[in-house]
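Data first, discussion second: the structure below is written as structure tokens.
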Amino acid sequence: MVDYAHTPESLGKILGLLRSIQAGRIIVVSGSAGERDPGKRPLQGEVCAELADVSIFTNEDPRNEDPERILEEIAVGARRRGGVDGESYLMIVDRRVAIAHAFSLAGPGDTVLLAGKGHEQSIIVGYDHTPWDEVSVARELLVADSHSRSNR
């Protein structure tokens, strides 16, 4: 599932809805934009830790901020809610790698939520706008993951 949820409130709403209808695990891929409200980052981590089974924190639009620092600020909130690095949450800077990892973790009945980019058509790093289509990337990675699983 791809959604634009990029605030603690919107993440809470979509994850809460999924939690109410989903029996399997919820795996969320989420990040926070650079040079925007840094105070919301730990709150996003808290929401993810409370409502998702596995959270993967990744790039959204770091702009001129250090992407690893952004992810660490999100992770602070996850730890406040009992999140454990490498178990209930991971930090993977490269969004494509993060999405692929989320798909590799998912099993039958699980839901993967790709949050934050939604309809946006680029990832902003520095002043560069790299073309990005979350739905196309997800589709491509799902096909690759299904081929990988069928060859096991």
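The numbers here are math on the coordinates, done by the rules we state, and not lab data. Only a predicted model underlies this, so the values are computations on that prediction, with no experimental measurement involved. Glycine gets a Cβ as well: all are built from the backbone with ideal geometry, and neighbour counts include every protein chain shown.
Tabulated data
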quantity	calculated
Distance between modelled label sites at Val135 and Glu87, nm, 7 Å Cα→Cβ extension	3.8 nm
Cα centroid separation, region 100-129 to region 71-93 (Å)	17 Å
DSSP bridge pairs, the chain: antiparallel proportion in percent, nearest 5	20 percent
CD proxy at 222 nm, helix term only [per DSSP H run n ≥ 4: -39500 (n - 2.57); per residue of the chain; nearest 500]	-14500 deg cm²/dmol
R0 of 35 Å, Cβ-Cβ distance Arg19-Asn151: FRET efficiency to nearest 0.05	0.60
³J(HN,Hα) computed for each position of region 92-99 - Karplus, 6.51 cos²θ - 1.76 cosθ + 1.60, integer Hz, glycine/proline x	10, 4, 6, 4, 4, 5, 4, 5
Relative contact order %, the chain, counting alpha carbon pairs below 8 Å whose residues are six or more apart	30 percent
Stretch gain in nm, segment Met1-Ser104, where the contour uses 0.36 nm per residue and the Cα spacing is subtracted	35.6 nm
Karplus (6.51, -1.76, 1.60) ³J(HN,Hα), θ = phi - 60°, over region 55-62, in Hz, Gly and Pro reported as x	10, 10, 8, 8, 4, 10, 9, x
Distant-in-sequence amide H partners of Tyr89 (H built 1.01 Å from N, under 5 Å)	Ser55, Val84
Charge dipole of the chain about the Cα centre (unit charges at C-beta), most positive-ward option of Leu17, Leu141, Val97	Leu17
Dipole magnitude of the chain about its Cα centre (Cβ charges: Lys, Arg +1; Asp, Glu -1), debye to nearest 20	460 debye
Amide H contacts under 5 Å for Glu60, placed H, 5+ residues apart	Ser32
Sequence ranges 23-36, 88-101, 133-146, ranked by mean other-Cβ count within 10 angstrom, highest first	23-36, 88-101, 133-146
